[in-house]
Amino acid sequence: MKKNAHTPFYPNRMGRIIFLALEEILGRSGLNAVLNQAHLAEYIDHLPADNQDLEFPFEHVGRIQAALEDSFGPRGGRGLALRTGRACFKYGLREFGPELGLTDLAFRLQPLPVKVRSSCEALAALFNRVSDGQVQLEVGPKALVWRAQRCPLCWGRHTDEVCCHLLVGLIQESLYWVSGGKYFQVEETSCMARGDSACTIVIDLEPMS
């Protein structure tokens, strides 16, 4: 797909990570079924290239998320998107770990609140740097607010509920990893797919357990 001013893109590598995570959760046949449902059969047996070229459209990410809900129902699709997001972090850490700085010894030795904030800042900076995403991260006394005004997860969608579940799962898993196994409340509170001005995710700074 040729890039134009109205079509934002992820790098191919990020699209590839999403497909690898989906295959881990759904299996090869399940992934192919979702791709057919999303009218993206061109990716069957032809994953996006493993490079940083901006050629994977946000629209395709939104269609994949919609296909999960169409195939498995709203509740089932939400659960699978969360699980896919968690798996995406594992693959993303392999590909972008050095850029994120999350594997550096200096990072691992930081206090937990600092690691939580730093990891979210690193993720937001990565999306802003290598993709056409627009993420702002606001730091409050008890929570971080992740605000995206150009979001691939719901691109092109119109829904009654928030629907950027894959990103919620990715952030949850990143915090589980950096904290050594603690769970954090991560909740999407607004979504452009339902008419809000931005997609907003609130991330508690203190773990639930």
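Observations on the structure shown:
- Of all residue pairs spaced 6 or more apart or on separate chains, none has beta-carbon atoms under 6 Å together with a first member in the range 176-201 that is in contact (Cβ under 8 Å) with a residue 60 or more places away in the chain and a second member that is aromatic (Phe, Trp, Tyr).
- Inclusion of Gly156 among residues that are in contact (Cβ under 8 Å) with a residue 60 or more places away in the chain, among the small types (Gly, Ala, Ser) and part of a loop (DSSP other than H, G, I, E, B) is warranted.
- Among the residues of the range 181-198, those that are over 21 Å from Arg63 (Cβ atoms) and not in a loop (DSSP other than H, G, I, E, B) comprise Val186, Glu187, Thr189, Ser190.
- Annotation: of all residues in the range 119-149 being touching a Ser or Thr at 6+ places or on another chain (Cβ under 8 Å) and not small (Gly, Ala, Ser), the one that is farthest from Gly101 (Cα to Cα) is Gln149.
- Considering each residue of the range 94-112 in turn, none proves to be touching a strand residue (DSSP E or B) at 6+ places or on another chain (Cβ under 9 Å) and surrounded by fewer than 14 Cβ atoms within 10 Å (Cβ to Cβ).
- Taking the range 176-198 as the range and being of a type outside the set (Lys, Arg) and within 19 Å of Ser119 (Cα to Cα) as the test, the residues that pass are Tyr176, Trp177, Val178, Ser179, Gly180, Gly181, Tyr183, Phe184, Gln185, Val186, Glu187, Glu188.
- Residue count, the range 23-76 (criterion: outside any helix (DSSP H, G or I), within 23 Å of Cys151 (Cβ to Cβ) and among the acidic types (Asp, Glu)): 2
- Residues of the range 113-134 that turn out to be surrounded by 15 or more Cβ atoms within 10 Å (Cβ to Cβ) and among the basic types (Lys, Arg), as a count: 2
- Residue selected from the range 141-181 under the condition of a type in the set (D, E, K, R) and modelled with pLDDT under 95, by the criterion surrounded by the fewest Cβ atoms within 10 Å (Cβ to Cβ): Lys142
- Only one entry in Gln52, Gln65 is touching a residue at least 12 places away in the same chain (Cβ under 8 Å) and within 20 Å of Cys163 (Cα to Cα), namely Gln65.
- Selection count where residues are in contact with a helix residue (DSSP H, G or I) (Cβ under 6 Å, 6 or more places away or on another chain) and more than 25 Å from Gln52 (Cα to Cα), scope the range 89-111: 0
- In the set (1) among the hydrophobic types (A, V, I, L, M, F, W, C); (2) out of contact with any His (no Cβ under 8 Å at 6 or more places or on another chain); (3) surrounded by 20 or more Cβ atoms within 10 Å (Cβ to Cβ); (4) within 24 Å of Cys120 (Cα to Cα), Leu54 fails one condition alone, (3).
Conditions (1) over 25 Å from Gly30 (Cβ atoms); (2) in contact with a Cys (Cβ under 6 Å, 6 or more places away or on another chain); (3) at pLDDT 95 or above, marked per residue:
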residue: Ala81; (1), (2), (3): no, no, yes
residue: Arg94; (1), (2), (3): no, no, no
residue: Glu99; (1), (2), (3): yes, no, no
residue: Ala106; (1), (2), (3): yes, no, no
residue: Ser119; (1), (2), (3): yes, no, no
residue: Leu123; (1), (2), (3): yes, no, no
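- Any chance Ala124 is small (Gly, Ala, Ser), closer than 26 Å to Arg94 by Cα, assigned to a strand (DSSP E or B) and within 18 Å of the chain's Cα centre (by Cα): no
The values are calculated or read from the model by the stated rules, or taken from the named source; none is laboratory data. If you're wondering where the values come from, they're calculated on a predicted model, not measured in any experiment. Positions of Cβ are backbone-derived with ideal geometry, glycine not excepted, and every protein chain shown enters the neighbour counts.
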